[in-house]
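My questions will all concern the structure given below.
What follows draws every value from the coordinates through simple rules; no lab data is involved. Here the structure is a predicted model, which means the values were calculated and not measured. Note: ideal-geometry Cβ built from the backbone for every residue, glycine included; neighbour counts use all protein chains shown.
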Amino acid sequence: MQIDVTTFTSTKHEQQKFAFKKKNGFEKAAKYVIEPSTHKMRRRLKNEKENIFIKRQLVEFGSRKKNIIPYLHFTDYSKFKVSKIGILNNFIKDTEEYLSKYLNVTFEYVNILERIKYEKKSTQDKNKRISNYINNKTINIIDFVENEKSEKLITQLKKVLKTEKYKYKPDKVSLSKKTKKNAVNFIIVHNKAFYKSEKDPYKKYNNTVTHHITLENFILKKKNDKIKTEPIDTIIKECYIKNDIINKQLSLTNWKYGEWNFIVHTEHNKEEQKKTKEKIKGLYRLTIRQNGELVFTKIDAFSNLWDNSEFSKYEALYRQLVENENQNIEGLIISNTRDINKITKTTVRTLPDFKYIGNRLTKLNTNFSINNSELQKIFQKFLKKNDKFAFEVNFAFSNLKSLPDNYKIDREILGKQFEKKKGRNIYKENFADFFEQETGNILMDKMRIKERINKYLSSNIDVCYGERIKK
């Protein structure tokens, strides 16, 4: 099952906005229409001339505009429905309701035995290291485009770097024609297509920290004219990693895991494979030593880093895995205890419990009503078990007693019994749990609370070990 996104764009837009490489690309592109009976796309018939779409994204400001569908949204039911997980939930519900005689969709459930949790502090430590590194470096900007747009981009870059986030002084940002070895170098170039008929200035610098910024694809301003810093953050992180590679030392994290080895391969092209009868062209290894030192090597039978028998073992295993196309082998990881783990491409997806989330948000989106007298009894029961909230409960009582006993209290009226607070309202959270136990109705969305997020997103943000359970 794939949860992919395809963009269809109306042909009413100007043809140049689709940016086809070939002159007749637009004419040759498959055309689609919306089928009224199903509200789905289908290929256009010859006699259909209006409301035509093609499977293509528009190009704006020199770059292809991306349409992003959120993976999971649980702020409310309407947003959940149009997220990828919400669409999957709707598909499963429709399948069970209308196609159960012909189609049965099952999932493998995983019993989590061990979980390595994502730690925000670890990310904060990394960001602090990156910040310290960049603040002690000069940023050198090299403009290989030299036109009005590149000058405007340089002005924007300087403006961003002077903000409170980066605090760069004017003398720490320089402009020059060449790279500087001890600086972080931003090199502005055109995209690859521009240099088809002339020399491309793009090149790799082995001992200098550089990052090429493609003028056509790099956007710092949003539609509302606000400058966004995310692209700069990404560039700075990549420059930090490049600096680690140049110095052959892992400093982004405090390495304390012993010696690990990572092996990857390059493959012969199809013609070479016919000649050599082999896929593998070369094996390459990255070793992270106990002190965080990085060692990059091409490994072969003459390497003195392993004895020949050990090399032969890894080589034989690697070749066996590569030749077996079902494995989709990407590499090997050899741990500090010499455990061998393979890295493979997989079609397996980990999913949160989308049925549970969908059912809760459906209930949250549905109004309810309860007699005033019944609600007061629930508040009394709650107070017996939670006397620390006596003041808050008495506030609710004073409001409810002014209403008739048979008065219908709905979600909106009940919500007004809780004082608005900035941040979390622990009293309301506790009462919402109790109210759900007593009535089955959901009073508030608690899925964004930190402790609860783990339940829904752990499979996507943590490293989880477990065993599969078929249901």
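Using 32 Å as the Cα-Cα cut-off, could you pick out the over-long pairs in K31/K228; K128/K180; K93/K345?
Violating the 32 Å limit, Cα to Cα: K31/K228.
Is segment 109-148 rounded, prolate or oblate when judged by the Cα gyration tensor, a ≥ b ≥ c being the square roots of its eigenvalues, rounded requiring a/c under 1.5 and prolate requiring a/b larger than b/c?
Note, shape of segment 109-148 comes out oblate.
Can you give the angle from 0 to 90° between the axis of helix 372-385 and the longest principal axis of the chain, with both taken from C-alpha atoms, to the nearest 10?
The helix 372-385 is inclined about 70 degrees to the chain.
Additional query: Measure nothing fancy, just the Cα-based angle from helix 426-439's long axis to the longest principal axis of the chain, in degrees from 0 to 90, nearest 10.
Roughly 60 degrees between the two axes.
Then there is this: Would you kindly derive the ³J(HN,Hα) couplings of segment 201-214 from the backbone phi angles with the Karplus curve 6.51 cos²θ - 1.76 cosθ + 1.60 (θ = phi - 60°), listing them in order in whole Hz, with x for Gly and Pro?
x, 5, 8, 8, 10, 6, 10, 9, 7, 9, 9, 8, 9, 7
Considering only DSSP beta bridges whose two residues both sit in the chain, what percent are antiparallel, to the nearest 5?
Bridges in the chain are about 75 percent antiparallel.
Shifting gears a bit: When the Karplus curve 6.51 cos²θ - 1.76 cosθ + 1.60 is applied with θ = phi - 60°, which whole-Hz ³J(HN,Hα) does each residue of segment 328-336 get, with x for Gly and Pro?
6, 5, 10, x, 10, 10, 10, 6, 5
When only DSSP loop residues count, what chymotrypsin sites (Phe, Trp or Tyr not before Pro) in segment 340-401 have their Cβ near at most 16 other Cβ atoms within 10 Å?
Loop-located and lightly packed - F368.
Taking a ≥ b ≥ c as the square roots of the eigenvalues of the Cα gyration tensor of segment 138-247, is the shape rounded (a/c under 1.5), prolate (a/b larger than b/c) or oblate?
Since a/c reaches 1.5 but b/c is at least a/b, the shape of segment 138-247 is classed as oblate.
Give the angle, between 0 and 90 degrees and rounded to the nearest 10, that separates the Cα long axis of helix 450-461 from the longest principal axis of the Cα atoms of the chain.
Value to nearest ten degrees: 40.
Could you give me the ³J(HN,Hα) list for segment 344-350, computed from phi with Karplus coefficients 6.51, -1.76, 1.60 and θ = phi - 60°, whole Hz, x at Gly and Pro?
10, 6, 9, 9, 6, 10, 8
Going down the list K165/K237; K248/K298; K167/K204; K126/K313; K126/K158; K49/K196, which pairs span over 26 Å between their C-alpha atoms?
From the list (K165/K237; K248/K298; K167/K204; K126/K313; K126/K158; K49/K196), the Cα-Cα distance tops 26 Å for K167/K204; K126/K313; K49/K196.
Continuing with this model, one more query. Rounded, prolate or oblate: which fits segment 369-440 when a ≥ b ≥ c are the square roots of the eigenvalues of the alpha-carbon gyration tensor, with rounded for a/c under 1.5 and prolate only if a/b beats b/c?
Here segment 369-440 falls in the rounded category.
Can you list the aspartates and glutamates whose alpha carbon sits under 20 Å from that of K203, skipping same-chain ones fewer than 8 residues off?
Here the aspartates and glutamates satisfying the reach criterion relative to K203 are D143, E146, E216, E238, D244.
Turning to a different aspect of this structure: Counting only helical runs of four or more DSSP H residues, what would the 222 nm mean residue ellipticity of the chain come to if each run contributes -39,500 (n - 2.57) and the total is spread over all its residues?
Value at 222 nm, helices only, nearest 500: -10500 deg cm²/dmol.
Now for a separate question. Would you pull out the residues with amide H under 5 Å of Y407's amide H, same chain only if 5 or more places away, H placed 1.01 Å from N?
Placed amide hydrogens put N372, S373 under 5 Å from Y407.
May I pose another question? Mind listing the long-range amide H neighbours of H212? Cut-off is under 5 Å, sequence gap 5 or more, other chains count too, H placed in the peptide plane at 1.01 Å from N.
Placed amide hydrogens put I187 under 5 Å from H212.
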